[in-house]
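*Asks:* Would you mind keeping the following structure in view while I ask a few things?
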Amino acid sequence: MSVSAVGEQTNILKMEGENMAEKVLLVDDEEDFLEIMSERLTSREMVVTTSTSASQAIEDIGKDMYDAVILDLQMPGMDGLEALKQMKEKRPELQIILLSGHGTMEKGVEAIKLGAMDFLEKPADLEVISEKIKRAKEKKMLIVDEMNQEKVVDMLRRYGV
């Protein structure tokens, strides 16, 4: 095998490995929290992007695909519930886990009704968050598969193929 073929094969394996890792967007106005959580999730071989504002996060989900969004409930400007609504409108398949240091049962129920996958109180256990992210990826993949199947069925109906 030539050197260039080995290089190409290595690149393909790298890309496949990258596709296996959970891709997470962390959104919180507390930069220390973002840094610590990002390091911890990265050490668990997750690909992590961070954002300090809800509006930036909404922009980010328009540019890139994520398996899960960990979203703080209370942030200056736009709060987590409003961000959740806008994210679900833009990407219905997106799995969003809300975090709050000041969680209330009412806010948690409202978040779930708006489409959040889960609602956790800070400080959330890293094992719990990691498991929820893995489940979020699985759930998102199922939703995307269903959406793709619906598109295929629709195309078959329209074009009679």
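The values are calculated or read from the model by the stated rules, or taken from the named source; none is laboratory data. The shown structure was predicted, so the numbers you read here are calculated from the model rather than taken from an experiment. Neighbour counts are summed over all protein chains in view; Cβ atoms, including those assigned to glycine, are modelled from backbone coordinates with ideal geometry.
*Asks:* Please go through the stretch 24-37 and pick out each residue that is modelled with pLDDT under 95 and touching a strand residue (DSSP E or B) at 6+ places or on another chain (Cβ under 7 Å).
*Replies:* ASP28, ASP29, LEU34, MET37
*Asks:* Taking the stretch 26-74 as the search range and keeping residues that are hydroxyl-bearing (Ser, Thr, Tyr) and in contact with a Ser or Thr (Cβ under 7 Å, 6 or more places away or on another chain), which one is nearest to GLU93 (Cα to Cα)?
*Replies:* THR50
*Asks:* Can you name every residue in the stretch 112-161 that is modelled with pLDDT of 90 or more and of a type in the set (Gly, Ala, Ser)?
*Replies:* Scanning the stretch 112-161 gives GLY115, ALA116, SER130, ALA136.
*Asks:* Taking the stretch 104-161, which residues are at positive phi and without any contact (Cβ under 8 Å) to a residue 24 or more places away in the chain?
*Replies:* Once the filter is applied, which keeps residues that are at positive phi and without any contact (Cβ under 8 Å) to a residue 24 or more places away in the chain, the stretch 104-161 yields only GLY160.
*Asks:* Any idea how many residues of the stretch 19-45 are closer than 18 Å to LEU120 by Cα and surrounded by fewer than 13 Cβ atoms within 10 Å (Cβ to Cβ)?
*Replies:* 1
*Asks:* Next up: Identify the residue in the stretch 43-63 that is of a type in the set (D, E, K, R) and free of Cβ contacts under 8 Å to residues at least 40 places away in the same chain and, among all such residues, is farthest from GLY115 (Cα to Cα).
*Replies:* GLU45
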